[in-house]
Each structure stands twice: as structure tokens, then as C-alpha cells.
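Scroll down for the structure; my scribbles are underneath it.
Every number in this text was worked out from the coordinates using simple rules, so none of it is lab data. All values reported here derive from a predicted model rather than from experimental measurement.
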Amino acid sequence: MLVVLTSGLVCWIGYGLLKGDWVIVAANSVGAALSASVLAFKFRDLRAGN
């Protein structure tokens, strides 16, 4: 679910860049960064065996 959310937010960032709308880019960049950090921590915990 986190992978889908993160990739969806990245797609929205791409859309915002193509449209030239910095509000879309800024808002989704924050969401993508937070979602990607949670995803990274999840993968780190899975690799550690927890």
C-alpha cells in the first residue's frame, strides 16, 4: 500500500511539473517524502529481521 501511495504521489509531482503548477508539486513532494521515509523504514525493519 505504501508503494502504491508513494508512486501515486510521484506521478502527481510529474503532472505538476508538466502543468507548471508549483502548488501541486510542493504539496505532493511533502507527501511523497513522508511516505517514502515510512517505506524506507519499513524495508529497513524487514531486512533487520524484526
I need to check one value: relative contact order of the chain, counting alpha carbon pairs closer than 8 Å and at least 6 residues apart, in percent.
39
Rounded tilt (10° steps) of 2-19 against the dominant C-alpha axis of the chain
20
For the chain, the longest principal axis of the Cα atoms and the Cα long axis of helix 22-48 enclose an angle in degrees, to the nearest 10, of 10
How much length, in nm to one decimal, is gained on full extension between Arg47 and Leu34, taken as 0.36 nm per residue of separation minus their Cα-Cα distance?
2.7 nm
